[in-house]
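What follows is a short report on a single structure.
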Ligand code: TXA
Ligand code: MG
């Protein structure tokens, strides 16, 4: 594996590797993705292998512009077009009817495909150089903490990825929000764009974000257990007695707590977006300490708080 600073030469090498059927990791504004050319079923199969991801969990296809979008989806219904107009390029994923050229492995056999037009300059430069849509889930082993730096990718996926483009820390730090139209607009995953912002554009969304038990959830990816650190984590409403804090780490929203072996505060200013940007970074740091437990304070549900609460709930599910 080579970790390369994402300059023009590195992006050209990464595009060439993708064109030759390899997998490449790259930054987006949300998290790092592990990409392959979306039309290349063999290359996409390697993504599932490298991540140890079950093939019932479909991938997100990244596109540069409207022209590339038209190679991936059959049509864009009016409400989806409104959202694309408002939020693309950006951290919104739309689930739309797929074109037959998108192989079944990308969509786990579904007739729909999840698409996103990313805003990150490195992701865009890679798409422009590759001239192909890129299928990319988050660049972490299945079920583990999402990667918000090139170092997270290197440490978690090791030798199996040919090139990691290093574009620094990802600005939003949490995955895209996913909306489907079947035919009613439905929220499938809380993410970096708050539900309220989407509802302000197109009215209320059905909510299909509730975790489902079992291996083949009705909305794929809505798994009860996900985003998990190795260290056991629990969400707490009130601090435990001092005596049981010493061997553990604390993840606070706005405030710290005394007596813990280590702690991080997501946003001293109490901003949900700042907290979202730090969530996985801090979880990676606390996890690396190998303590007996992480106590995570419950975050307020407003705005991006819903996405944070969703990640913490799944990370703590056992
Ligand atoms: O921010 C992001 O979305 C990042 C960056 C790399 O773009 N990607 C990401 O991908 O989070 P991933 O694989 O971790 O999440 C993909 C999820 C699936 O687990 C599933 O919930 C949903 O997208 N999905 C994909 N295709 C779908 C489909 N056809 N129908 C319903 N849900 C779908
Ligand atoms: Mg993921």
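Nothing in this text is a laboratory measurement; each read-out follows from the coordinates by a stated rule. Keep in mind that what you see is a predicted model, and the values were worked out from it rather than measured. Here the Cβ positions follow ideal geometry from the backbone for every residue, glycine too, while neighbour counts run over all protein chains shown.
Points to keep in mind about this one:
- Rounded FRET efficiency, nearest 0.05, which uses the C-beta distance separating residue 274 from residue 16 and R0 of 35 Å: 0.40
- Extension gain, residue 317-residue 285: 0.36 nm per intervening residue step, less the Cα-Cα distance, totals 9.5 nm.
- Ascending count of other beta-carbon atoms within 10 Å, so fewest first, for 86, 131: 131, 86
- The simple spin-label model puts a point 7 Å past each Cα toward its Cβ; for residue 9 and residue 42 those points are separated by 3.0 nm.
- Rounded to the nearest 5, the antiparallel percentage of DSSP beta bridges internal to the chain is 35%.
- Rounded, prolate or oblate (a/c below 1.5 giving rounded, otherwise prolate when a/b exceeds b/c) for the stretch 131-192 by Cα gyration tensor: prolate
- Going from the residue with the fewest nearby Cβ atoms within 10 Å to the one with the most, 62, 278 rank 278, 62.
- Inter-probe distance in nm under a simple model that places probes 7 Å from Cα toward Cβ, at residue 202 and residue 254: 3.3 nm
- Cα gyration tensor, the stretch 2-207 - rounded (a/c under 1.5), prolate or oblate: prolate
- FRET efficiency estimate (nearest 0.05) - Cβ-Cβ, residue 302 to residue 99, R0 45 angstrom: 0.75
- Helix-only CD estimate at 222 nm, as mean residue ellipticity for the chain, using -39500 (n - 2.57) per DSSP H run (n ≥ 4): -9000 deg cm²/dmol
- Overall form of the stretch 121-266 per C-alpha gyration tensor (a/c, 1.5; a/b vs b/c): oblate
- Sites residue 246 and residue 159, calculated FRET efficiency, Cβ-Cβ separation with R0 30 Å, nearest 0.05: 0.20
- Relative exposure of 244, 179, judged by other C-beta atoms within 10 Å (fewest first): 244, 179
- The chain: relative contact order as a whole-number percent, Cα under 8 Å and 6+ apart: 20 percent
- Rounded tilt (10° steps) of 78-87 against the dominant C-alpha axis of the chain: 60 degrees
- Inter-probe distance in nm under a simple model that places probes 7 Å from Cα toward Cβ, at residue 128 and residue 151: 3.0 nm
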